[in-house]
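Below is one structure, written out as structure tokens; the observations come after it.
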Amino acid sequence: MTNQSRGYSYEDFLLDPAKMRFFRSERGSLILALNGEEHTDLKIRRAFPLEEANRYVGIFAANGDELGLLEDPQALDADSRQALFDELDKIYFHPTILAFNSLDEEFGVLRGEIETTSGPRQLEIRGYRTHVRMLSGGRAIIEDVDGNRYLIEDWRALPQRTREILGL
């Protein structure tokens, strides 16, 4: 079986930040002005939400059609960049864990009280072996039973008992 090219390259999907502008509608929805058209009801996704959160943003029309890939959002004008990052922050909300006030495991379920950059939270994790993941640079991400994600900036700095309970 041969690998046939579809005739597309990576560059074919790249969007030119100089030719696009993000802004908000009166109702607060994100709008993209691109090539003389305004696109509403956008779906935006980070290609690498954990490792390259501020680069490689996929932009999709309301019907799911790909409009393209924005390789470097930092190249947008300041207002567009702010509107885009505000939207991404709503989609990819994951506060940083500042402290574990308590953490226990019982019958395969982790329960605890944590302090985060968004305030105190009750944490419950079922199947924690698959919901606690190590990332590069000593970081880790935890996903609770409600689908909330929390970032640990340096799991190596956690107390030994906490690391053991989390499986880090």
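None of the figures in this text is laboratory data; all of them are computed from the coordinates on show. Predicted, not measured: the structure shown is a model, and the values here were computed from it. Counting neighbours? That spans all protein chains shown, and the Cβs are built from the backbone with ideal geometry, glycine included.
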(message) Only four residue types carry charge here, +1 at the Cβ of Lys and Arg and -1 at the Cβ of Asp and Glu. Report the dipole size of segment 33-84 about the Cα centre in Debye, rounded to the nearest 20.
(response) 200
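To the nearest 20 Debye, how big is the dipole of the chain about its Cα centre, given +1 on the beta carbon of each Lys and Arg and -1 on that of each Asp and Glu? Before the final figure, lay out each step's value.
Details: 21 positive and 30 negative charges, 78 e Å.
Magnitude of the dipole: close to 380 debye.
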(request) Please give, to one decimal in nm, the separation of the simple spin-label points placed at Ala33 and Val145, each 7 Å out from Cα toward the Cβ. (result) 4.8
(request) Evaluate the distance, in nm, between pseudo-label points positioned 7 Å from the Cα of Thr130 and of Arg21 along their respective Cα→Cβ axes. (result) 4.7
(request) Could you pull the Rg and Dmax for the chain, using just the Cα atoms, both in Å? (result) 19.8, 58
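Full-extension gain between Asn101 and Ala53, please, as 0.36 nm times their residue separation minus the C-alpha to C-alpha distance.
Details: separation 48, 0.36 × 48 = 17.28 nm, distance 2.83 nm.
Working it through step by step, the gained length comes to 14.4 nm.
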(message) Please compute one quarter of the surface area of the Cα convex hull for segment 20-77 and express it in square nanometres.
(response) 4.3
(message) Need one number: nm distance between label points at Glu115 and Glu153, each 7 Å from Cα along Cα→Cβ, rounded to one decimal.
(response) 1.3
(request) Work out the charge dipole of the chain with +1 on the Cβ of Lys and Arg and -1 on the Cβ of Asp and Glu about the Cα centre, then indicate which of Thr96, Leu123, Gly58 is farthest towards its positive end. (result) Leu123
(request) Report, in deg cm²/dmol and to the nearest 500, the calculated mean residue ellipticity at 222 nm for the chain, where each DSSP H run with n ≥ 4 adds -39500 (n - 2.57) and the sum is divided by the residue count. (result) -4000 deg cm²/dmol
